[in-house]
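A short worksheet on the structure shown next.
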Amino acid sequence: MTPRTGRKYVAAMRFVAPSLLFCLMFGVATGDASSASAEDIYSTLEEGEGSIVKDDVRRAKRARDAGRWVEAHAAYKAVFEAADPASSTERERAELAGELGLCELELRKYRDAAEHLAWSLEQRDALPLQLQLRFEAGQRKAAPHVGTLYLSVDPPDAEVLIDGKVISAPARTYRLFLEPGEHMVRARFAGHEEAFQSFDAQAGKATTISMRVPRAATPAAVSKDTATGTREAKRSERGAQALTVASSSTSTASKLRVAGAVLAGASMVAGGGFLMWSAYTEDELHDRATALRGADEEADRCARQNAPRACSELRDLQEKRDLLRQVGWVSLATGGAIGALTLVSLFVDRASPPSDGVRIVPTASERSAGLTMIGAW
């Protein structure tokens, strides 16, 4: 390179360097501006003199872009609640509802997010495509966390309450978003009876309910029903008196049956105990007799007058065994008899309806068996 060529190259570089620096700064500024306005390129919330308060909208956007979702949610909510058809356009209200829903989605307020996003998308014709896509994506994220209720009410002017909270605008059909769990739907209308229905809302699933609010009874029908009810009440009173007498006798009989069953069981248990005692005494008697015969060479010594004292003990033990055996068998027989009588009384009472005064009594003889009906019918 010649000195002359080198001087030209240096001069050219002195011209190019500032140009490159200017282009770089212009590109950065352009990139910042595009990134800052990319999300709000279709937003019109700050346009026009008659639109909603601009300062609150700007504060909400700055908080949203900085990720301060609580602050952004509060700002968007304040502006959305202040917006009305007289001071805002349909597009502005739809955009506010969508932005509020996205803030609620970030705060995991899924029910409120689904409600505001759905309301915004109902006015989708007023929204640009870019905002529609953002709000639809948010709604898809909120849907798996809430239950959806499709409710139809007849008449459509009926007041509807969900868990005691009134739904503001009456309609024939509703689409409601609810937290998962049990909920109660009520519908009421003047001149009609209230309708109730409970259901279980499941996350990510839809429930369909159709409710009809029935008309209240007319005064003539009420008076007729009252007279009929009075006659029925008198009949019921007479029947109740008869049932009281029957129930008192039935209660006494039931107590006697319980006492009989307890006595029968106790007698049989006691009889079994006495028999076991006699068997134990029998074993003891056998052991003593065997020992006495083994110790005495004369086997008939207990039959003589000078019998040893062990022989008298054997006789006492034998008498005790016989007495225990006798008491045991008597107790068993008594318990069985009482139990049989109790069982028979139960069957007789079941077979004898007290209302018609007819009794059915089982009979048995050596040649035949049957049932005898006694009473008037």
When residues of segment 174-191 are limited to those that are among the basic types (Lys, Arg) and within 12 Å of residue 211 (Cβ to Cβ), the one modelled with the lowest pLDDT | 188
Considering only segment 287-306, how many residues are at pLDDT below 65 and either surrounded by 11 or more Cβ atoms within 10 Å (Cβ to Cβ) or of a type in the set (Phe, Trp, Tyr) (or both)?
-> 2
Considering every residue within segment 132-150, establish whether at least one is of a type in the set (Ser, Thr, Tyr), at pLDDT below 95, part of a loop (DSSP other than H, G, I, E, B) and not assigned by TED's automatic domain parsing to the domain that holds residue 97.
-> no
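Conditions tested, residue by residue: (1) within 30 Å of residue 148 (Cβ to Cβ); (2) assigned by TED's automatic domain parsing to the domain that holds residue 137; (3) at pLDDT 90 or above; (4) surrounded by 13 or more Cβ atoms within 10 Å (Cβ to Cβ).
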| site | (1), (2), (3), (4) |
| --- | --- |
| 3 | no, no, no, no |
| 18 | no, no, no, no |
| 81 | yes, yes, no, no |
| 85 | yes, yes, no, no |
| 112 | yes, yes, yes, yes |
Considering each residue of segment 48-72, count those that are at pLDDT 90 or above, outside any helix (DSSP H, G or I) and charged (D, E, K, R), and give that number.
-> 1
Cross-chain or 6+ apart pairs with Cβ under 8 Å, segment 136-148 first and closer than 8 Å to residue 110 by Cβ, then in a helix (DSSP H, G or I) and of a type in the set (Phe, Trp, Tyr) = 142/110; 145/110; 146/110
List the pairs whose first member sits in segment 55-75 and is surrounded by fewer than 17 Cβ atoms within 10 Å (Cβ to Cβ), whose second member is of a type in the set (Lys, Arg) and in a helix (DSSP H, G or I), and whose Cβ atoms are under 9 Å apart, counting only residues at least 6 apart or on separate chains?
-> 68/62; 71/59; 71/62; 71/64
Test result for residue 42, modelled with pLDDT under 90 and in contact with a helix residue (DSSP H, G or I) (Cβ under 7 Å, 6 or more places away or on another chain) | yes
Determine which single condition residue 198 fails, assuming it passes every other condition in (1) loosely packed, with under 15 Cβ neighbours inside 10 Å; (2) within 15 Å of residue 97 (Cβ to Cβ).
-> (2)
If you scan segment 149-162, which residues turn out to be of a type outside the set (S, T, N, Q) and without any contact (Cβ under 8 Å) to a residue 60 or more places away in the chain?
-> 150, 154, 155, 156, 157, 158, 159, 160, 161, 162
Segment 307-341, subset polar (S, T, N, Q) and at pLDDT 85 or above, residue surrounded by the most Cβ atoms within 10 Å (Cβ to Cβ) | 334
Say whether the condition of being outside the structural domain of residue 105 (by TED's automatic domain parsing), without any contact (Cβ under 8 Å) to a residue 12 or more places away in the chain and over 22 Å from residue 116 (Cα atoms) is met by at least one residue in segment 200-213.
-> no
Would you be able to say whether some residue in segment 162-173 is under 24 Å from residue 81 (Cα atoms), in contact with a Pro (Cβ under 8 Å, 6 or more places away or on another chain) and at pLDDT below 95?
-> yes
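The values are calculated or read from the model by the stated rules, or taken from the named source; none is laboratory data. Model, not experiment: these values are computed from the prediction. Note that we place each Cβ from the backbone using ideal geometry, even for glycine, and neighbour counts take in every protein chain shown.
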